[in-house]
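The values are calculated or read from the model by the stated rules, or taken from the named source; none is laboratory data. Everything numeric in this text was worked out from a predicted model, so none of it was measured. Cβ coordinates were reconstructed from backbone atoms using ideal geometry, including for glycine residues, and neighbour counts include every protein chain displayed.
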Amino acid sequence: MTGNQNPRFVLHEHFSKHHHFDLRFEREGVLKSWAVPKGLPEKSGERRLAIAVEDHPIEYIGFEGTIPEGEYGAGDVKIRDTGTCEPLIWSGDRIEVILHGTKFSGKYVLLRFKKAGEKNWIVLKAKD
């Protein structure tokens, strides 16, 4: 990310042992990542579980292909959506961004769901 350019995001569809989606935001030189078992919500007010996973290298933003058997995350990975995002709030327990993707756009909020464990978050589509 350079200058005033908005950071990028990607939503990977991951056909691994358990089919899920991976939401990734470009931030601080890495991709901050969450596994979203049922995909991003498409309607305002819908909520989905999002599980924080390890950061990924920026180069992974354009990855599509097969992770070989025996490696972590083995299976097929496809880009479901990509674009830029405008971070509005980025704190330890709350993240608000406006997505500018080809399939997903608008305001999304991630809230840490402490009662369910440190890595569990809720992602919801907010009213624009």
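Of the residues Val77, Val36, only one is farther than 25 Å from Leu111 by Cβ, touching a residue at least 12 places away in the same chain (Cβ under 8 Å), of a type in the set (A, V, I, L, M, F, W, C) and surrounded by 17 or more Cβ atoms within 10 Å (Cβ to Cβ); which? Write out each step before concluding.
Details: Val36 fails: farther than 25 Å from Leu111 by Cβ.
The unique qualifying residue is Val77.
Step by step: first the residues of the stretch 1-50, then only those that are among the β-branched types (Val, Ile, Thr) and part of a strand (DSSP E or B), then the one that is nearest to Lys115 (Cα to Cα). Which residue is that? Give the steps one after another, and end with the answer.
Taking the stretch 1-50 as the starting set, the residues that turn out to be among the β-branched types (Val, Ile, Thr) are 2, 10, 30, 36.
With the extra rule that they be part of a strand (DSSP E or B), the set shrinks to 10, 30, 36.
Numbers: Val10: 28, Val30: 27, Val36: 18 Å.
It comes out as Val36.
Run down Ile95, Ile61 and say which single residue is under 13 Å from the mean Cα position of the chain (by Cα) and not in a strand (DSSP E or B).
Ile61
Hey, can you tell me all the residues within the stretch 86-113 that are among the aromatic types (Phe, Trp, Tyr) and out of contact with any Leu (no Cβ under 7 Å at 6 or more places or on another chain)? If you could, list the steps in order and put the result at the bottom.
Here is the first cut: in the stretch 86-113, the residues among the aromatic types (Phe, Trp, Tyr) are 90, 104, 108, 113.
Across the stretch 86-113, the qualifying residues are Trp90, Phe113.
Might you check whether a residue that is among the hydrophobic types (A, V, I, L, M, F, W, C), under 14 Å from the mean Cα position of the chain (by Cα), closer than 16 Å to Trp121 by Cβ and at pLDDT 95 or above occurs anywhere in the stretch 10-19?
Residues of the stretch 10-19 among the hydrophobic types (A, V, I, L, M, F, W, C): 10-11, 15.
Going one step further and asking which of them are under 14 Å from the mean Cα position of the chain (by Cα), we end up with 10-11.
Next, only the ones that are closer than 16 Å to Trp121 by Cβ stay: 11.
Cutting the leftovers down to at pLDDT 95 or above gives us 11.
Yes - at least one qualifying residue is present in the stretch 10-19.
Please state which of the following conditions Gly70 fails to meet, knowing it meets all the rest: (1) modelled with pLDDT under 95; (2) on the phi < 0 side of the Ramachandran plot; (3) exposed (fewer than 12 other Cβ atoms within 10 Å of the Cβ).
Answer for Gly70: the failing condition is (2).
Residues checked against (1) on the phi > 0 side of the Ramachandran plot; (2) surrounded by 11 or more Cβ atoms within 10 Å (Cβ to Cβ); (3) of a type outside the set (Gly, Ala, Ser):
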residue	(1), (2), (3)
Gln5	no, no, yes
Leu11	no, yes, yes
Ser16	no, yes, no
Thr82	no, yes, yes
Glu86	no, yes, yes
Leu110	no, yes, yes
Phe113	no, yes, yes
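Quick check: anything in the stretch 72-88 hydrophobic (A, V, I, L, M, F, W, C), over 16 Å from Gly39 (Cβ atoms) and within 16 Å of the chain's Cα centre (by Cα)?
Yes, the stretch 72-88 contains a residue that is hydrophobic (A, V, I, L, M, F, W, C), over 16 Å from Gly39 (Cβ atoms) and within 16 Å of the chain's Cα centre (by Cα).
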